[in-house]
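Remarks on the structure that follows.
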Amino acid sequence: MYNWKTKLWIAAFLAPALAVFVLFYLVPIVTVFVTGFTKWNGFNSPEFIGFDNYIKLFTYNNTFAISLRNLFLWSLIAATLHVGFGTLVAFILFKRPCGWRLVRGTFMIPNVISVAAWAMIYKFIFNDDIGIINNFMRNIGFSDFHVKWFYEMPAAFFAVTFTWLFYAVIVMLIVLNDLMAIPKDIHEAALLDGANEWQVTRYINLPLVKKAIGTGIILSVTSRIAMFEEVALTTRGGPGNETYNIPLMLYNGIVNSEYGYANAAGTIMILLGVAVMALINRLFRMNERLY
Amino acid sequence: MKRILKALLLLMCSLVLVLAACSNDKGTNSNNSSTSTGGSSSNTSNNSNTSNSGGGDAKQEVVLNIPHYKSGENVGAKFFLPQVERFNQKYAGQYKIVIEEIPQDDYMQKIKLLAQQNKLPALIEGGDKVFMEEVIIANNLFYDLKPWLDSKPEIKNLMMEASIDYNTTADGKIVSMPLIVQRPIGLYYNKEMFAAAGITKPISQMTFDEFDAALEALKQAGYTPLALMTGENAWTTMLLTSALLANEPGGAEILNSKDYVYDYTDPMWIRTFERLQKWFQNYTTDNAIGAVYADAANNFLSERTALIFNGTWMIGDFSDTSKTSEGFKDKVGTSIYPGGAAISSSAGYTWWIPSNLKQEEIDAALAFLEFINSPEELEAYMLAEGGNVPKLDTTPEFEAQLDPILAELNSSLQNDLKITVQSLEQIWPPQIANPEFGKYLPLLADGTITPQKFAEELTNMAQQFKN
Amino acid sequence: MLSKWIRTIFAYAVMAFTVAISTFPILWIIMSSFKTNKEILGDPFSLPVSIDFSAYLDVLQNYNFATYFLNSLMIAGIATLLALFIYALAAYVFAKFDFRLKSALYILFTVTLLVPGHAKAQPIFSLIMDMDLYDTKTALVLVYTSFGLALALFILRATFMTVPKDLDEAALIDGAGFWRIFWSVNLPLVRSGLATAGILMFLSYWNEYFYALILTTGAANRTLPVALAFFDEAFSYNYTRMFAALTLVVLPGIIIYLLVQEQVQKSVASTGIKG
């Protein structure tokens, strides 16, 4: 097809990216996968122990069960409320009401600052002494309102959820973009046919942004799988182990020099991510040509 | 399918190429105590490094970069940083120690990471049992202090026997500096509040039942008794729990065990936790749940509570007007715990030196250790943070300067001491001490779990990474 | 009609809610940073009695803030430039040429999106240690560069595909070599793609916390997000200073964002379509 010189150039152009991929993705993922079957403290060589790490992860105590429960609930909330809210805002902004640019601009701000900072800000908001929430509740009459948001259940679960629940700007932008890409003729034709706004929304717009919504769900659910700072910097998995999730178990492994255990947790995270993408793809029939 | 196989083949080839390229780096890696080879000029390494001063024949100043948590706003920095400065002044031009700030919670983890890469700093303070035994001692990564100590009898003779024993390995090497100063930990109470509540009996002479009654009396008089906390390592709560356990039959033995304790389901533990739960529910501040050390300290310093379980390093805060009101110090009394219990221990690793240093770095590190154990420095330490040296005769100036609160603690010790125990933090696996104990406390405190369940959960957590 | 009215009110309520939850937390922190500790404890909602910058000055002067800021800037900046270069090369080839392993490679690169960054923590940590780069800015630059792989490839490939083949052919006829065609003909035309990918990557590197935490230790190489964690311990009871520190850490990101707002909006949305 091409002369050898061109082929050389092609290879050369691909090489750096490939090196990055191998060094920072391939090797780590293979390591994670393989050492998940070993006992390794980072100093001595890994010792093959079969599925022991996984068994320990799953059955040692109820931590993994709680992590899965949390993940399931959080994913459900993400896929429905979080994405739902983002989509709602997108549809509202689509009509270009007065001030829509302001909304779009400010909505982005929470994503622009780091998750760590955001978690810390929320730690103060939910603080019992000086935080807004409790003081507000006390001001409007619940003078005894002293919920320790990050230290009691189920408050802790909701508090952690709230730090990301309504912050759906990415979903909003993706959906909004798809909405704006719908050819105007379709809308005009529908209106001519006598459809009212609600019908246009329900039967035309929604189906046409299905792919965007699907992407939004994938992105938000995989974020829930990998969510670390929101939990680690607020509840640390507490009270007890009620707000634990898998990244926290991985981190525990690292801190205790049980790298095999940590990597078993990592493998599970990767598999879950792949599963989610496959599932949503199928559900929303989002198969796309890749090249 | 075929495409994927081809992809894998291509990847294998590139993998081989990459590994070949990388293997060169590994050769130059180990035991690197010079500045790191990263390439960017703004790198710093955690190793000690030698900095060159000026011209040819001038003696080079040895600079040690030491990460430590007794820096910044940490409560230990108040004494430690000036001490380092005094050392630097004494050895100006010869040795210099530069402290790198690190939060207390992260200190040990960083040390472990550095140990993994053979990049330990020249001086390390402390180390948990498992890490020291399985990694440092087993792989001989420490510098044996015995020859040096033998050559310094004036220091060695001050050291407590039990601590020397603890620090000596099976083949006679000394791992870390044995302790000279014994620092018992007690509690502080607000004398005014106690008087107002009509409590006259000295705390160290009370049983815990009587102490319980005293707490109730304080509450009736309108004061919140205890400054407890659940954040970080739940320090004040942990001390309180240790004192409680010490008064249970069999508790003192457990607290003094040389190994980690992984099981907390014995009835004496349950009774302890029951009491703890009751006190959390009735006798402490609202913000105890989730409070960190600073909150608990603040509660006592701003006179919101009558008691705080804490060590002698807090004394400096009592006269610090940025933290408390004028004259607060006069209201503060101190004592050891009910039942005549005091927390003190000579079991533990203190300062140690890694084994892969250059000779001048070792000399610098040893000079520092000698410095901080000289009589003047020891006295300065005791004046600032309390404690006593059984074998040192203190100067009259020392006695005169001794803080009245410290003097009070010393007399409480002398008169009423019945049991000396270690703190729970010393017999708990590190993970339990921080964060698990603190994380389960809120559930215990609000009654979501019973003391029995609390014990079971902690036992469970303790055994998870038991080796 | 009533229902239209209700819909409008509902729409504006949602919009107001969105603006509120996005800005209020930060505004509250900024406002509180001007109050004394006593005021904060007294009434969280009150306006500060006076605008007192002393906490800010304190944080800026005594806590190495400039170092952290510069570190974040340097690391994020260099990583972005490096990433743009590496991935532009690869994206160009993906866009313009066909070669045997093209789709296989593309699948592999795409799959990296599914891998949660934290899962690779331990191997990457070991890798950095083995390369003797622990606690260096270089380590973070390299690790961050790798994070942008999938995203940058997507965006840049799509943008390169919009450059008409005729231009390439014309250049070829004029005697330009492979590199010239890439560098002088195509690259200038994909500026918007580069800007898009660059901004997205820069923002995510600027805010990265986890790897900065485990790969650095001393203050010399610390970045802003990690510095926050240190401030948290340092200032635990001094809320004024903590809030000042939070504001200082958060503000640069917001300012940078406001400057490049339009571009960010477009870029974030466009990735959605591709991905």
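The values are calculated or read from the model by the stated rules, or taken from the named source; none is laboratory data. Keep in mind that this is a model prediction, so the values were computed, not measured. Reconstructed Cβ throughout: ideal geometry from the backbone, glycine too, with neighbour counts over all protein chains shown.
The residues in segment A:162-186 that are surrounded by fewer than 21 Cβ atoms within 10 Å (Cβ to Cβ) and β-branched (Val, Ile, Thr) can be counted, and the count is 2.
The condition (being closer than 30 Å to residue B:86 by Cα and of a type outside the set (Val, Ile, Thr)) is satisfied by just one residue among B:379, B:436: B:379.
Per the conditions (1) surrounded by 22 or more Cβ atoms within 10 Å (Cβ to Cβ); (2) part of a helix (DSSP H, G or I), the sole criterion not satisfied by residue A:189 is (1).
Among the residues examined, residue B:296 qualifies as crowded, with 20+ Cβ neighbours inside 10 Å, touching a strand residue (DSSP E or B) at 6+ places or on another chain (Cβ under 7 Å) and not assigned by TED's automatic domain parsing to the domain that holds residue B:78.
Just one of the listed residues (A:48, A:21) is more than 25 Å from residue B:109 (Cα to Cα), buried (at least 21 other Cβ atoms within 10 Å of the Cβ) and of a type in the set (Phe, Trp, Tyr), and it is A:21. Can you find a residue that is over 21 Å from the mean Cα position of the chain (by Cα), closer than 18 Å to residue A:256 by Cα and modelled with pLDDT under 85 anywhere in segment B:86-105? No: zero hits.
Checking the stated criteria, residue C:80 turns out not to satisfy the condition of being over 20 Å from the mean Cα position of the chain (by Cα) and touching a residue at least 12 places away in the same chain (Cβ under 8 Å).
Is there a residue being touching a Gly at 6+ places or on another chain (Cβ under 9 Å) and of a type in the set (Asp, Glu) anywhere in segment C:173-183? No: segment C:173-183 contains no residue that is touching a Gly at 6+ places or on another chain (Cβ under 9 Å) and of a type in the set (Asp, Glu). Name the residues in segment A:62-73 that are without any contact (Cβ under 8 Å) to a residue 24 or more places away in the chain and more than 18 Å from the chain's Cα centre (by Cα), would you? Answer for segment A:62-73, where residues must be without any contact (Cβ under 8 Å) to a residue 24 or more places away in the chain and more than 18 Å from the chain's Cα centre (by Cα): just A:65.
Whether a residue is of a type in the set (Asp, Glu) and free of Cβ contacts under 8 Å to residues at least 24 places away in the same chain was assessed, and residue B:399 passes this test.
Among the residues of segment C:155-168, is any closer than 17 Å to residue C:204 by Cα and assigned to a helix (DSSP H, G or I)? Checked segment C:155-168: at least one residue is closer than 17 Å to residue C:204 by Cα and assigned to a helix (DSSP H, G or I).
Residues in segment B:156-203 that are small (Gly, Ala, Ser), surrounded by 17 or more Cβ atoms within 10 Å (Cβ to Cβ) and modelled with pLDDT of 85 or more: 3 in all.
Condition check for residue C:92 on (1) hydroxyl-bearing (Ser, Thr, Tyr); (2) within 21 Å of residue C:204 (Cα to Cα); (3) surrounded by 24 or more Cβ atoms within 10 Å (Cβ to Cβ): one failure, at (2). Applying the criterion of at least 1 residues that are at pLDDT below 85 and acidic (Asp, Glu) to the helices (runs of 4 or more DSSP H) found wholly in segment A:200-287 leaves A:229-232. The single condition among (1) surrounded by 24 or more Cβ atoms within 10 Å (Cβ to Cβ); (2) facing another protein chain (nearest Cβ under 8 Å) that residue A:236 does not meet is (1). Here residue B:384 meets the list (1) outside the structural domain of residue B:233 (by TED's automatic domain parsing); (2) free of Cβ contacts under 8 Å to residues at least 24 places away in the same chain almost entirely, failing just condition (2). State whether one or more residues within segment A:268-290 are in contact with a His (Cβ under 7 Å, 6 or more places away or on another chain) and of a type in the set (Gly, Ala, Ser). No, there is no match, as no residue in segment A:268-290 is in contact with a His (Cβ under 7 Å, 6 or more places away or on another chain) and of a type in the set (Gly, Ala, Ser).
The condition of being part of a helix (DSSP H, G or I), modelled with pLDDT under 90 and over 21 Å from the mean Cα position of the chain (by Cα) does not hold for residue B:274. Against the numbered list (1) out of contact with any Leu (no Cβ under 9 Å at 6 or more places or on another chain); (2) within 14 Å of chain C (Cβ to nearest Cβ); (3) modelled with pLDDT under 85, residue A:42 comes up short only at (1).
Within segment A:1-18, the set of residues being buried (at least 21 other Cβ atoms within 10 Å of the Cβ) and more than 7 Å from chain C (Cβ to nearest Cβ) comprises just one member, A:18. Taking the conditions exactly as written (in contact with an Asp or Glu (Cβ under 8 Å, 6 or more places away or on another chain) and of a type outside the set (D, E, K, R)), does residue A:106 satisfy them or not? It is false that residue A:106 is in contact with an Asp or Glu (Cβ under 8 Å, 6 or more places away or on another chain) and of a type outside the set (D, E, K, R).
For residue A:57, the criteria (1) farther than 24 Å from residue B:112 by Cα; (2) more than 10 Å from every other protein chain (Cβ to nearest Cβ); (3) touching a helix residue (DSSP H, G or I) at 6+ places or on another chain (Cβ under 8 Å) hold in every case but one, which is (1).
So that you can scan it fast, the table gives a plain yes or no per residue for (1) more than 26 Å from the chain's Cα centre (by Cα); (2) away from chain B (no Cβ under 14 Å):
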position	(1), (2)
C:36	yes, no
C:49	yes, yes
C:68	no, no
C:75	no, no
C:84	no, yes
C:104	yes, no
C:112	no, no
C:116	no, yes
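Of all the criteria given as (1) touching a residue at least 40 places away in the same chain (Cβ under 8 Å); (2) more than 7 Å from chain C (Cβ to nearest Cβ); (3) among the aliphatic types (A, V, I, L, M), the one not satisfied by residue A:140 is (1).
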